[in-house]
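Data first, discussion second: the structure below is written as structure tokens.
We did not get these values from a lab; they are worked out from the coordinates using the rules stated. All figures in this text were calculated on a predicted structure; none of them were measured in a lab. Every residue, glycine as well, gets a Cβ built from its backbone with ideal geometry; the counts of neighbours run over all protein chains shown.
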Amino acid sequence: MCGGIRTAFILLAFLVLPAFLSPGVSAQSAEVPISEPQDFPLRPPDTSSPRDTLQTFLSAADAAIAGLLRGEPDQQAILRATAVMDFSTTVDGNTWGTRVRRVVLLREILSRIDLPNAGEIPGDREVAESDLTRWRIPDTAITLSRVERSPGFGEFLVSAYSVENLYRFYRQVRQLPAMGDAPAGAYETMFGDGRPDQIRPTIQERLRPVDTSTPLATFEGFLESVNRAHALIIFSRSATDLSADDRLAMEQTVDSLLQRAALTLDLREVPVALRGNVGIEAALQLKEIFDRLSLPPLDSIPDAQVVEAARQGEALSLWNGNDPLRWRYPNTAIEIVEITGDDRQGQFLFSAPTIRNLADYYEEAAAFPYRLVQSGTIELQYRSPEISPGFYDYYIAERERLEDILDYPPKGSPHYQERT
């Protein structure tokens with residue numbers, strides 16, 4: 001059984017965990033040793049101070065990862081590791097697949113940095129004496145923050161921002177060796193993003209609709225969808241041992257990913273019968289434009305906090321007194337705008353005027369070279385900063401060829417019923 005399939009079966013086991021075992025319960029007293037959770041299986045993990053939370057996570061994560069690598073998931077260890085993390089702003093943070101992946105990412109990061117000695121991390125006494133509300137792991141942006149609401153009041157958890165950005169942090173340290181005897185390499189072994197034998201299962205996880213609740217989520221989801229489709233095309237062209245069924249399934253997956261990217265576009269001005277093809281072509285043209293521009297700093301793109309502030313009239317960069325809220329890609333006329341007044345109300349999509357003028361924008365951009373993909377700090381902030389060179393031209397040529405010689409789109413494609 002290949003690694004991707006094995007991992008899928010492992011993660012499936014967590015879908016049936018009973019609801020009463022969900023994390024978020026109140027912290028136990030600091031005197032309870034974290035090394036013997038099996039003696040009191042219902043005792044919640046100790047999160048009463050940054051020191052206790054970090055020790056709890058390291059112990060539980062090591063046990064959880066060891067079990068996953070053996071193919072014998074330790075559910076109690078997984079529950080303890082996830083219980084010290086705030087998933088409230090992480091996309092699909094309520095699913096066990098996402099939570100397990102984040103546990104492994106955080107452990108990989110901590111394995112590669114020089115953690116302070118336990119005595120240098122605030123414990124119960126320091127928390128009580130100074131009314132401490134947050135502590136940052138030195139030389140990182142990973143923060144342990146005290147919960148100020150119920151349930152979980154007073155617990156120190158790995159902050160929502162930290163959990164949401166773990167993959168970005170991992171990209172910045174994954175080339176570093178593990179410190180001392182710390183474990184490392186589990187993430188690539190279990191999930192292996194980009195490996196040929198793992199790319200299809202990874203893509204299958206990403207066929208769910210793009211999160212369009214903020215300009216940041218829309219932009220990152222768009223980039224990721226197109227780049228995943230492009231990676232799959234590259235893989236299929238280089239693989240010589242794929243069966244006809246495998247290639248058909250891969251083609252359908254690419255089509256689904258591009259449809260997913262098209263869902264970030266406001267196509268209301270496009271006739272319904274044409275939206276399938278127009279949406280994909282527009283998405284690929286838009287990606288060609290972005291591939292020739294420098295990516296903006298990630299923290300300059302409005303996230304959930306900025307959107308909420310704008311709705312309160314506080315973030316003037318996103319809201320200037322006119323409805324709807326909007327964000328403009330730097331030095332362009334390309335905008336992501338909040339939809340109002342229909343069934344997609346509240347979603348942030350690339351605006352209808354952007355789509356209307358996209359062909360002209362693409363013609364202007366096509367004369368410029370693709371940006372260089374470098375390991376700079378800005379690119380490393382993104383989940384998927386890669387470029388997809390020539391993907392638009394390839395898609396147009398391939399679609400025309402397949403329309404001539406095959407029953408295309410294939411059965412099962414989102415376009416099939418529409419076009420027949």
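Ranked highest first by average number of other Cβ atoms within 10 Å, how do 215-222, 329-336, 253-260 line up?
Ranked by mean Cβ neighbours within 10 Å, highest first: 215-222, 253-260, 329-336.
Run the quick spin-label model on R70 and R136: label points 7 Å from Cα toward the beta carbon, then report their separation in nm to one decimal.
Going from the R70 label point to the R136 one covers 3.9 nm.
Highest mean first, how do 388-394, 234-240, 170-176 rank when packing is the count of other Cβ atoms within 10 Å averaged over residues?
Taking the mean over residues of other Cβ atoms within 10 Å, the ranking is 388-394, 170-176, 234-240.
Mind jotting down a quarter of the surface of the convex hull over the alpha carbons of the range 219-363, in square nanometres, one decimal?
Spelled out: convex hull of the Cα atoms, projected over all directions, averaged, 10.5 nm².
What does the extension gain come out to for D211 and R149, with contour length at 0.36 nm per residue minus their alpha carbon separation?
Extra length from D211 to R149 when fully extended: 19.7 nm.
Residues of the range 214-232 with amide nitrogen under 16 Å from the 7 Å Cα-to-Cβ point of A239?
228-232
Would you please give the FRET efficiency between T332 and D393, computed as 1/(1 + (r/R0)^6) with r the Cβ-Cβ distance and R0 = 30 Å, to the nearest 0.05?
E between T332 and D393, to the nearest 0.05, is 0.85.
Using modelled amide H (1.01 Å from N, peptide plane; none on Pro or chain starts), what sits under 5 Å from the amide H of I142, excluding residues fewer than 5 places away?
I137
Rank by packing, highest mean first: peptides 346-357, 289-300, 154-165, with packing defined as the count of other Cβ atoms within 10 Å averaged across residues.
By packing density, highest mean first, the sequence is 154-165, 346-357, 289-300.
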